[in-house]
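These notes concern the structure reproduced below.
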Amino acid sequence: MAEHITFKRPDGKSAPGIYMAPALADGAPGLVVIQEWWGVNDQIKSVGERMVGQGFRVLIPDLYRGKVALDAAEAQHGMEGLNFGDAATQDVRGAVQHLKAGSAHVGVIGFCMGGVLSVLAAMHVPETSAAVSWYGIPPDAAGDPGAIKIPLQCHFGIQDAFFKIASADALEKKLKAGGVTHECWRYDAGHAFGNEEGANYNREAATLAWQRSLTFLGKYLKG
């Protein structure tokens with residue numbers, strides 16, 4: 001059952017989120033699920049439910065504080081108004097710390113905007129055990145991916161118009177140079193190919209990406 005909660009950020013402020021847990025929650029690994037640019041809508045809640053079904057305790061931080069975009073222009077406005085550094089080092093880190101109180105291993109998975117924040121969490125949230133990013137690449141100024149100390153898995157669409165595949169290649173090159181434990185997967189698909197409610201949904205690519213994500217998270221959070 002989904003529960004609206006508040007959790008503490010490292011700076012002492014409170015942040016809202018949605019918490020979900022399996023029936024046998026004690027000691028279950030934690031997973032922070034990070035929204036797309038739409039906000040915490042029904043689609044991202046369904047991702048949380050999927051992961052609960054896989055045995056994870058899930059926390060979805062509400063980065064937009066209750067607002068949900070109804071169209072792309074509104075979503076763009078919401079994303080542009082978000083302080084990514086604050087979201088990663090305060091909201092996401094606070095969510096990781098909240099889950100960490102109940103288990104040794106906590107991961108992060110995010111999509112689109114949330115995929116960017118997943119990579120930022122891998123860089124800047126030391127409590128994170130593993131991170132998965134679906135079609136999200138942070139700018140160079142956000143930090144050095146080669147310095148990441150945890151396992152990172154990335155999924156990219158070759159036809160992605162928002163995050164060009166050349167940027168994905170550059171990110172992977174930095175991960176390799178830094179000796180980061182990583183997997184980078186590419187699919188003949190567009191941006192947000194895993195969002196079943198979006199125009200670019202690609203069932204074949206999404207199915208494969210989910211299989212890989214669950215295997216990866218199982219290895220590093222449950223193993």
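Values in this text are rule-based calculations from the coordinates and carry no lab data. Everything numeric here is computed off the predicted structure, so don't read it as measured data. A quick note on method: Cβ atoms are made from the backbone with ideal geometry, for glycine too, and the neighbour counts reach across all protein chains shown.
Distance between the C-alpha centres of region 69-97 and region 113-162: 15 Å, rounded to the whole angstrom.
Modelled this way, with points 7 Å down the Cα-to-C-beta line, the labels at Q211 and D188 are 1.7 nm from one another.
Here each label is just a point 7 Å from Cα along the line to Cβ, and for K219 and A141 those points are 3.5 nm apart.
Antiparallel DSSP bridges in the chain: what percent, to the nearest 5? The answer is about 30 percent antiparallel. Projecting the Cα atoms of S103, C184, P145 onto the dipole axis of the chain, where Lys and Arg carry +1 and Asp and Glu carry -1 at the beta carbon, places S103 farthest toward the positive end.
Comparing H124, N200, S14 along the charge dipole axis of the chain, the residue lying farthest to the positive side is H124, per the Cβ-charge model. Among A147, A88, A177, the residue with the largest mean-square fluctuation in a Gaussian network model of the chain, with springs joining Cα atoms closer than 10 Å, is A177. The local environment of K219, defined by Cβ-Cβ distances under 12 Å, has a net charge of +1 under the rule Lys, Arg +1 and Asp, Glu -1.
Extending 7 Å from Cα along the Cβ direction at D86 and again at E74 yields two label points whose distance is 2.2 nm. For the residues W38, W134, W210, a GNM of the chain with alpha-carbon springs under 10 Å puts the largest fluctuation on W210.
Once Rh for the chain is found with the Kirkwood sum over Cα pairs, what is the Stokes-Einstein diffusion coefficient at 37 °C and 0.692 mPa s, in µm²/s? My calculation gives 193 µm²/s for D. Value of Rg to Rh for region 30-82, rounded to two decimals, is 1.02; Kirkwood radius and Rg both from alpha-carbon coordinates. Springs join every pair of Cα atoms under 10 Å in this Gaussian network model of the chain, and among L24, L82, L175 the largest mean-square fluctuation is at L24.
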